[in-house]
Amino acid sequence: MTTPAQANRGAPAGPSATVTGGDAGPVRGRFPLRAQLLLVLCAVLVVPWFGYGALRAVERQLRGLHADSLVTAAATLAAVLAESPAWPRTEPVGAGALFVHPLAHAMQVDGYVDDWREYLEWADAYGAGGRVTGRTPPAAARFRLLLGEYEGQIYALVDVSDPELVYSPVHRLEQVPGDRVDLVLDDPQGRRRQLIFATAAPGRLIPHTLRRGYTGDDYQPVTNVVGEWQPAPGGYRLEIRIPAHLVGRSLGVVVTDVRAGSGASAVAASAGPDTLRRPGRLLRPSVALTRFAAVVAREPGRRVWALDAGGAVLASAGTLRRSFAQTQRNLLYELVLPPASEDFTDDRAGASRLRGDEVRAALAGRTGAGWHSSADERAVVVTAAAPVGPAGSVRGVVVVEETTGAIQMLQRRALAELVDGTLIALAVVTACLLGFAARLSYRLRRLSHAADKAIDGHGRVVATRVGDGAADEIGDLGRSFSVLLGRLRQYHDYLEGMARRLAHELRTPIAVVRSSLDNLDGELPAAGGGPYLARAREGVERLDLLVNRLFEASRLEQALAVSARETVDLVALVLGCVEGYRGAYPGTRFESGGAAGPLAVSVAPDLVVLALDKLVANAVDFGAPGEPVAVRVDADDTHAVIEVCTRGAPLPAGLEEEVFNSMVSARPGDGDREPHLGLGLYIVRLVAEFHGGRARARNRDDGVCVSIALAISGCA
């Protein structure tokens, strides 16, 4: 019999010490199977990335094919126009040529630029020598000019830079010089006319033409031409509307700026100093060329230009704008691939002259294509140019333009299908993998729990079959565990039966030794062999006591299966035992406490008394000298508890459970005449478990308390 204080004190561990979860090394961190499968699942995300790369490669191929198709269209139209009489057989226009822009709507003649905003970037600047090609025209007498035509009316916007305005009516220009604008044109019959715009004040005005006669010069009003003169920051604006049937093939603008006081004047003209005699050529879109261009421009979103040898626009047809089928908006698609824009700034719409590498290459006799973004960078335009005529005698250029919106829509649709398909596949695969991982994890957890429960806290094998028997690796692992547990149970049963077998086998040799000693004692003289025989008899008695205790423990395990319970008053039973202990241990003071009234419990009284005897014997043997042994009986809703406490050495930390295992003892052998095998607290544990409870040992500040809990089946 041992106490908690001395159990395991330098003693070897019992059988349960070998079944504590193993020693496989430190676990640095858990990485569950589900997390591993999710990590592997992330590899599926590479599929959209490679798909997107493939789409980009397809886009490049489509762009190349798109450019090739536009080059083919431009070259075909250029070849047709080279042999067609519709192409003008003239030399390239000079610097004084003026382009008439096709207008989308009628202009309100009010002297303001609101109606002209989309055409202002195509306005040409002029100075004294004609068109100015630099960034800024000369400081003196400069102006900007725009011409447009809509439904039989030609509109002109003359924006003059003049820091000092001098007004004078037409009839007094010779006497009082003032600022004026002269419009020089040839009518369809080839007659030259000069329209003079001058005014005494801002506002609406009509031009006058000078007629020279025998009686003198006469200014005649031209009533079917309307003008509006309005001051503007740094100068003034003149807006003109003239019927298209009055204008022939030539047109020129001359601006005269008069300095107040000095009478000096500066002149700027559209065709240079000789504009009044030789105005520049008036460029209007060719109807015949427009028809040819319209054939090629029938494709939605395509625009076709016909340029002369100087890059001036002869005709145009079509528009870059087109409508696209609305698709479902998706933020991911818009981030990866922006949708094709229907609303972008068409910076070439209404242009009078086209420039660019592809145009210059075509003028040099080479067919080519180029790319450029719109002014607001919301669209990409493909431009193909082909020369009209052979190299060395190029008479013009055909330009075909389209945006890449169709390619973007195709690519976006393919991307949407790729991403949607990938997401669906990813969702299905994720669900399958998560389900598989959950099932796998559940099976492993169940196997782990079954393996843990197969061995109880005291090292006994309570189940030999674990696992679900499946025909896979986890099933094989469960079967391996079952085989291992079966062998471990056989070994444990062998160890538990060892005490019974030893007790049985040792009785006969001990009886032989005892009888031999008795015979020897009668034959040897008392003086010579007495001490040795006494020591031999003492050893035999100790051996016999050990055998009896081994036999007692084995009989107790067998008796537990057939022990009958009866309802007793546990308080009275314990108090009666305490009175007996006072007589059995006269040198020890006993204290009792706990429940005051009777406590009826269904137990096996002999077993309870046996367990209490072991607890009290341990407390008496290892308690501090002169300190009392306290015995208490308490109860709660489910258990009745018998607790024995003594003051003395505390139980080493972590050994509260080990002290209840069999064959665990650390009692010193020297000077102790009574042998101990560490079966006392083991018997206490068996009694507690037989009654549906458990045995516990705990340290307190001044000693150790050992208790047994008994399940209550009825109380009075």
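Annotation: amide H of Ser592 within the under-5 Å range of Val631, sequence separation 5 or more or interchain, hydrogens built in the peptide plane. Spacing of the modelled spin labels on Val226 and Thr464, each 7 Å from Cα toward Cβ, amounts to 11.6 nm. Near Arg378, the amide H atoms lying under 5 Å from its own belong to Thr345; only residues 5 or more places off or on other chains count, and H is placed 1.01 Å from N.
The phi torsions of segment 630-637, fed into the Karplus equation with coefficients 6.51, -1.76 and 1.60 and a -60° offset, translate into couplings of 9, 10, 10, 10, 10, 8, 10, 5 Hz, rounded to whole numbers, with Gly and Pro shown as x. Of the peptides 153-165, 482-494, the ranking by mean beta-carbon count within 10 Å, highest at the top, reads 153-165, 482-494. Put a dot 7 Å past the Cα of Asp110, heading toward its Cβ, do the same for Ala86, and the two dots end up 3.9 nm apart.
If each residue of separation counts as 0.36 nm, what is the full-extension length gain between Val483 and Asp636 once their alpha-carbon separation is subtracted? Please list the in-between numbers first.
Values: separation 153, 0.36 × 153 = 55.08 nm, distance 4.22 nm.
Length difference between fully extended and current span is 50.9 nm.
R0 = 51 Å: FRET efficiency of Ser515 with Glu627, Cβ-based, nearest 0.05?
Between Ser515 and Glu627 the formula returns 0.65.
Between Ile474 and Arg694, the FRET efficiency from the beta-carbon distance, with R0 = 25 Å, is close to 0.15.
Segment Leu246..Arg291, full-extension length gain: 13.7 nm, with 0.36 nm per residue of separation and the alpha-carbon distance subtracted. A Förster radius of 25 Å, combined with the Cβ-Cβ distance separating Asp357 from Leu120, puts the computed FRET efficiency at roughly 0.50.
What the phi angles of segment 420-427 give under the Karplus curve with 6.51, -1.76 and 1.60, with θ = phi - 60°, is a coupling list of 4, x, 5, 5, 5, 4, 5, 5 Hz, glycine and proline written as x. The 3J(HN,Hα) values that the Karplus relation (6.51, -1.76, 1.60; θ = phi - 60°) gives for segment 442-452 are, in residue order, 4, 5, 5, 5, 5, 5, 5, 5, 5, 5, 5 Hz. Gly and Pro appear as x. Pair-distance distribution P(r) for segment 98-282, from all Cα-Cα distances in 5 Å bins starting at 0: 1, 8, 17, 22, 23, 17, 8, 3, 1, 0 percent. Between Gly368 and Ala385, the built amide H atoms are under 5 Å apart, and every one of these is 5 or more places off in sequence or on another chain. Once the chain from Leu433 to Leu502 is taken as fully extended at 0.36 nm per residue, the excess over their C-alpha distance is 19.1 nm.
Readers should treat all values here as calculations from the given coordinates under stated rules, not as data from a laboratory. These numbers come from a predicted model, not from an experiment. Backbone-built Cβ (ideal geometry, glycine too); neighbour counts: all protein chains shown.
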